[in-house]
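Chemist: Let me give you the structure first, and then I'll get to my questions.
Any read-out appearing in this document is the output of simple, stated calculations on the displayed coordinates, not a laboratory observation. Computed from a predicted model, the values in this text were never measured in an experiment. Don't worry about glycine lacking a Cβ; one is built from the backbone with ideal geometry, like all the others, and counts go over all protein chains shown.
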Amino acid sequence: MGKKIALVTGANRGIGFETCRQLSQLGLTVLLTSRDTKKGEAATKQLTDKGLDVVYCQLDVSDKDSVRRVFGRTVQQFGHLDVLVNNAAILYDTFQSATDADLEVVGKALTTNLYGPWLLCKAFIPHMKKSGYGRIVNVSSGAGSLHYMEGGTPAYGISKVALNALTRKLASELKGTGILVNSVDPGWVATDMGGCGGRPVEEGAKGIVWAATLPESGPSGGFFYDGKPEPW
Ligand SMILES: NC(=O)c1ccc[n+]([C@@H]2O[C@H](COP(=O)([O-])OP(=O)(O)OC[C@H]3O[C@@H](n4cnc5c(N)ncnc54)[C@H](OP(=O)(O)O)[C@@H]3O)[C@@H](O)[C@H]2O)c1
């Protein structure tokens, strides 16, 4: 097989953008995707200007047709996908609690943070199975750990718990296929979502890149922070 192909969602800024930078620096061809074409093309240019192998592709993970189009384009242009990083997420809902949550808001969080990754997995896993290789990274959060679970941010927290469950289900179903599926908590990172005070994106993205480039003997069905197990 030639150069590895990676796709990163929500990659026009923040941790997703930095993940594209690090993966392309490691020599992968990276499909930088974003829902907004202008922002995505500008972000891609920042990396291609540095000589990195990054290709832009429009993708709104909450839109089934958009997922279908990206799948078609990836297969047509590259023939396969090796690495899928489900990074895009919304709604760190500090403005509500579980006792008074607006379930429409919860539904929006689930559409982007859970169904988006799930749709992408469903689209690409059959192709990964054919090539006998795949690395799927579901970017989760400490807010998705039942072990550390507290009140607040119900839409976000519950969407990340569900994403972790998806990781476990897929990893179990894909045993022996060469496809490794893991959840990664990037920690508190200074981005638009994380706000000031968090660690730099370079550090937050490292654990994602680690899971995206695991060797054949690497773990599957785990939840990791900086390459170390995190309690579910
Ligand atoms: N930052 C932290 O402290 C922290 C902590 C734990 C976990 N995480 C997780 O790390 C990941 C990245 O977070 P971040 O801090 O980089 O967030 P961010 O700065 O808010 O960036 C989120 C990205 O997701 C994109 N996005 C949102 N909805 C989308 C959709 N429907 N389709 C495609 N893209 C969409 C955004 O695009 P637009 O620019 O178009 O809005 C943006 O590019 C998320 O999964 C987050 O939950 C972050």
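Chemist: Mind checking which of 191, 212, 176 is farthest towards the positive end of the range 153-232's charge dipole, using Cβ charges of +1 (Lys, Arg) and -1 (Asp, Glu) about the Cα centre?
Modeler: The residue sitting most towards the positive pole is 176.
Chemist: Sticking with this one: Can you list the residues, at least 5 places off or on another chain, whose amide H is less than 5 Å from the amide H of residue 152, using H built in the peptide plane?
Modeler: 98
Chemist: Shape of the range 51-92 from its Cα gyration tensor (a ≥ b ≥ c, root eigenvalues): rounded if a/c is under 1.5, otherwise prolate when a/b > b/c, or oblate?
Modeler: Working: a/c = 2.08, a/b = 1.35, b/c = 1.54.
It comes out oblate by the Cα gyration axes.
Chemist: What order do you get for 83, 67 when you list them from fewest to most C-beta neighbours inside 10 Å?
Modeler: 67, 83
Chemist: May I ask you to sort 63, 102, 192 by Cβ crowding, counting other Cβ atoms within 10 Å and putting the fewest first?
Modeler: 192, 102, 63
Chemist: Right, another one. Could you list 4, 50, 169 in order of exposure, starting from the residue whose Cβ has the fewest other Cβ atoms within 10 Å?
Modeler: 50, 169, 4
Chemist: Another one. Relative contact order for the range 5-229 using alpha-carbon pairs under 8 Å, separation at least 6, rounded to a whole percent?
Modeler: Contact order relative to length: 19 percent.
Chemist: At most 16 other C-beta atoms within 10 Å and a DSSP loop state: those are the exposed GluC sites (Glu not before Pro) I care about. Give me the longest piece of the chain that has none.
Modeler: In short, 1-149.
Chemist: In terms of modelled amide H atoms, which long-range or inter-chain residues lie less than 5 Å from the amide H of residue 189?
Modeler: Under 5 Å from the amide H of residue 189 lie the amide H atoms of 199, each far enough along the sequence or on another chain.
Chemist: Any idea how far the Cα center of the range 174-225 sits from the one of the range 78-93, in Å?
Modeler: Computed from Cα coordinates, the inter-centre distance equals 12 Å.
Chemist: Continuing with this model, one more query. Using a Förster distance of 22 angstrom, determine the FRET efficiency expected from the C-beta separation of residue 173 and residue 127, and round it to 0.05.
Modeler: 0.90
Chemist: Along the principal axes of its C-alpha atoms, what lengths does the chain span, in descending order and rounded to whole Å?
Modeler: 51, 40, 33
Chemist: While we're here: Within the chain, which complete DSSP H helices have Cα atoms spanning at least 15 Å along the helix axis and a mean Kyte-Doolittle hydropathy of -1.0 or higher?
Modeler: Once both thresholds are applied, what remains is 14-25, 64-78, 116-131, 154-173, 201-212.
Chemist: What net charge is computed for the residues neighbouring residue 166, neighbours being all others with C-beta under 13 Å from the C-beta of residue 166, Lys and Arg scored +1, Asp and Glu -1?
Modeler: +3
Chemist: Taking the convex hull of the alpha carbon atoms in the range 97-232, what volume per residue do you get, in Å³?
Modeler: 110 Å³
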